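The values are calculated or read from the model by the stated rules, or taken from the named source; none is laboratory data. Given the structure is predicted, the values throughout are model-derived calculations rather than measurements. Neighbour counts are summed over all protein chains in view; Cβ atoms, including those assigned to glycine, are modelled from backbone coordinates with ideal geometry. The protein model used for the area step is the full one, side chains on, heavy atoms only, and it has no ligands, DNA or RNA in it. Shrake-Rupley method; radii C 1.70, N 1.55, O 1.52, S 1.80 Å.
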Amino acid sequence: MYKASRSIGKGNWPDQVEEDGPKEFVVLTRQFNKMNPQVQGLLSNRTTLLAGITHDLRTPLTQINLALSMLPNHGGDIDLMNSVQDDLDSINTLISDTLNISLELTQETKKSANIVDEINSTVAVLITPQSTIKLTLPASNNCSEILYPMAFKRILTNLITNAIRYGKGEIQVVLDCNNTQTSVHIDDNGPGIPKEYEEEIFRPFYRLEKSRNSDTGGSGLGLAIVRQLANSHNWIATLSPRKNGGTRVTVVIKL
């Protein structure tokens, strides 16, 4: 039961634990086995409810977008209309992300993927020709894994976005691929994260910058999503300081 409880703590769902041994232990194990599917059901219902709410939000947002497009002369205030449109686009992005994350957590299936190709395609969306960010990618090699590619790309996207936001213009993606595990490191040369906050930063809505200003930070969910997706797929996501300053975030996929 020790291994089963640790597995639940990492976001995984173990098989039923065999009920044997002393009477007290049998009773405890039976209650544990009963609780396991109940908790799993509650979390599944929560995910379904969240996906349903975000899906339903799209209808009124679509109607608002349509109404804005039909206003003559941009409603009389072009700057205001552009600001409203930007806000609507942000909300739609959040809704799409929520639906995708729900899928990545509950429905995605494993398939073979080339890690370098997954990194390159993710970076191509995040870095434009006009970007001031210098990003060094791993050299192309044959590093293929059986993994959940959508979840892996979500993790990469969140980590590289964080590095872009908090770094100082230079990011390096380091790939270590061997017979036992694949490790992807995202290095930045930003201000770094104090050691006492290296685990706190993975908590939902936790931000070192407390103003909640979107210009100085995100929602506080990026790293929390990284940790949840990693735990759900038996991967490991950790954060550590770099020797010469900045932060290294590592994702380990064990074979």
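Sort 192-203, 147-158 by packing, meaning the average of other beta carbons within 10 Å per residue, with the highest value first. If you can, show how the numbers build up before the last one.
On the way: 192-203: 14.0, 147-158: 21.4.
Packing order, densest peptide first, comes out as 147-158, 192-203.
If you roll a 1.4 Å probe over the heavy atoms of the protein chains, what accessible area per residue do you get for segment 116-196, in Å²? Before the final figure, lay out the partial values.
Values: 4160 Å² over 81 residues.
Per residue, segment 116-196 has an accessible area of 51 Å².
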- Among the listed pairs Lys111/Lys254; Lys168/Lys195; Lys195/Lys243; Lys134/Lys254, those beyond 18 Å (Cα-Cα): Lys168/Lys195; Lys134/Lys254
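Over segment 111-156, what is the mean sequence separation of C-alpha contacts under 8 Å (at least six apart), divided by residue count, expressed as relative contact order in percent?
On the way: 33 pairs, mean separation 30.2, N = 46.
Worked out over segment 111-156, it gives 66 percent.
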